[in-house]
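What follows is calculated from the coordinates using simple rules that are stated; it is not laboratory data. Bear in mind the structure is a predicted one, so any value in this text is a computation, not a measurement. Note that we place each Cβ from the backbone using ideal geometry, even for glycine, and neighbour counts take in every protein chain shown.
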Amino acid sequence: MARVHRNNRWLVWLSFALAMVFSIMPLPGSFAWWRPEWPALVLVFWAMTQPRSYGVGVGWLLGLLVDVARGALLGQYALGYALIAFITVTLYRRIRVFPVWQQAFVVMTMIVLHLSLSMWVRGVSGEDVGGWRYWGPAVSSLIVWPFIYLFLRRLSDLYKVA
Amino acid sequence: MSGDTNSLFLHGPSALVRLILLGLLSIVLMTADHRLNYLGAVRSTLALVVYPLQIVAAFPPRAWDWVGETFASRDQLLAENERLRTSHLLLEVRMQRHAALEAENQRLRELLGSTTQVSGRMLISELMSVDLDPYRHEVLVNKGSQDGVFEGQPVLDALGVMGQVVRVTPLNSTVLMITDPSHALPVQINRTGERTVAVGTGDLRLLRLPYLPNNVDLREGDLLVTSGLGDRFPAGYPVAVINAISHDPGEPFARVTALPTAHLARIREALLLWPTSRKNTAVVVPADAVAEGADQPIVADVTTAQPAQPAEPAESVTPATAPQSATTPDAAAETDGEGR
């Protein structure tokens, strides 16, 4: 069993890579404001199902790569994602047994926290983030979470990632 | 790995400790990145990891373009060919005059005893269709330090100034566009020679000219060109066209906005420019702008050297009094002509 697990680790990293691709893929016009935080969603899933292997450190590293990919300040996403991973790893027993829609709200709360941290960082570095559109990603992540969850669930069952 | 023996509890406090440590590390990183610009190497290394992902992300739009081009009808191609041929001919004709003018310009400059400044080497780079932070006007182009791209390099499109390079990695580089709120560009009104600073607004189609006094000679439709005073952009490239002027007698400066001539929202290819010698502009300018030249290059350097920190530089561009004091003489002389 253990061998199978280790061999399927690539799937997790592939899903992270794909999520990052989605996070920089060009979207038409104002859709860009509603882009879900794909990497954060995937991170929450793996941190929730395997809190022992994917936790704060992985979240931070993923965030750092997102920082580079999106041209943000180095550490901005890293901080937010580490926080998201921490909350997930701390609450994973509860989140796991929630129905999907309830999970979605927890996820949205975490994204809002991440965005707040991010807004604070932007404020300190003098960037202007006025407008309600800033919170768009939290709403779209809420909507997208059930699909992500069911998809990754199915995938991890199929490949027996544990 | 060792958690199997005690699978009910994981890590215990260590997750919190890790969060705190990594959080502190993030703050250190952000400070270093923001204030000190030390992290170029770290960013370049990580950028190599991210590069394949960027290629993948940019693939669908590229593929779509390719499909469009491959299956374009023959008529379309013929029409496009015809159009390009015409514009090529027109440009050729204009170039003939340009060559003569450039030679004349050089001769005159020699007479004046100043150095020549013919436009330098150029390199065409393609924009990578990758979305960056929507709060900054930055784009990624597919040339990097391997091609000799350097930080602060001017970038143009076919119609005007687009921006400047702010981050370079070996394989690609990030261009900050002139409409970013943190960007300020020393410009000159082509008709009158009035010098000022064009500041980005955060809107891809608009620039602000906040430091023009109320009595300045200005009309809608006036072309703004680079003045070369920032020592970054060579002089004389078109930047924007004035589109709205409003005078509020209660305020010291007119409210002026301009539309960039470059199609910033639709750019596919960008020209990276290697100015022949960046010192030349400084040699040419002092003749009539000593007072102003003393201030403006600093303005431009402050604003352009640290583009990662938007609002702040825009505020530090306050030597608004400098353009005013330096330009009022000729502005006053020209306002009679305007009579408004």
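At-a-glance table
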{"item": "For q = 0.13, 0.15, 0.16, 0.24 Å⁻¹, Debye-computed log10 I/I(0) when each Cα of region B:217-264 counts as one equal scatterer", "result": "-0.37, -0.48, -0.54, -0.91"}
{"item": "Tail weight of P(r) past 20 Å, computed on alpha-carbon pairs of region A:75-162, percent", "result": "43 percent"}
{"item": "Relative contact order (%) - criterion: Cα under 8 Å, at least six apart; region: region B:40-146", "result": "27 percent"}
{"item": "Helix A:9-24 axis, angle to chain A major axis (alpha carbon atoms, nearest 10°)", "result": "20 degrees"}
{"item": "Cα pair distances of region B:15-69 binned at 5 Å [whole percent]", "result": "4, 15, 13, 13, 13, 14, 9, 7, 6, 4, 1, 0"}
{"item": "Computed over region B:74-113, Kirkwood Rh from alpha-carbon pairs, angstrom", "result": "12.2 Å"}
{"item": "Order of B:Val216, B:Val241 under a 10 Å beta carbon neighbour criterion, fewest first", "result": "B:Val241, B:Val216"}
{"item": "For region A:71-112, diffusion coefficient by Stokes-Einstein and Kirkwood Rh (Cα), 20 °C, 1.002 mPa s, µm²/s", "result": "192 µm²/s"}
{"item": "Cleavage-rule hits, trypsin sites (Lys or Arg not before Pro), region B:41-92, DSSP coil, Cβ neighbours within 10 Å at most 10", "result": "none"}
{"item": "Region A:94-162: relative contact order in percent, alpha carbon pairs under 8 Å with at least 6 residues between", "result": "41 percent"}
{"item": "Part-to-part distance (alpha-carbon centres) for region B:165-219 and region B:133-151, which is given in Å", "result": "18 Å"}
{"item": "Binned Cα-Cα distance frequencies in chain A - 5 Å width, integer %", "result": "2, 9, 18, 24, 22, 14, 7, 3, 1, 0, 0"}
{"item": "Distance cut-off 16 Å, percentage of C-alpha pairs in region B:127-182 lying past it", "result": "37 percent"}
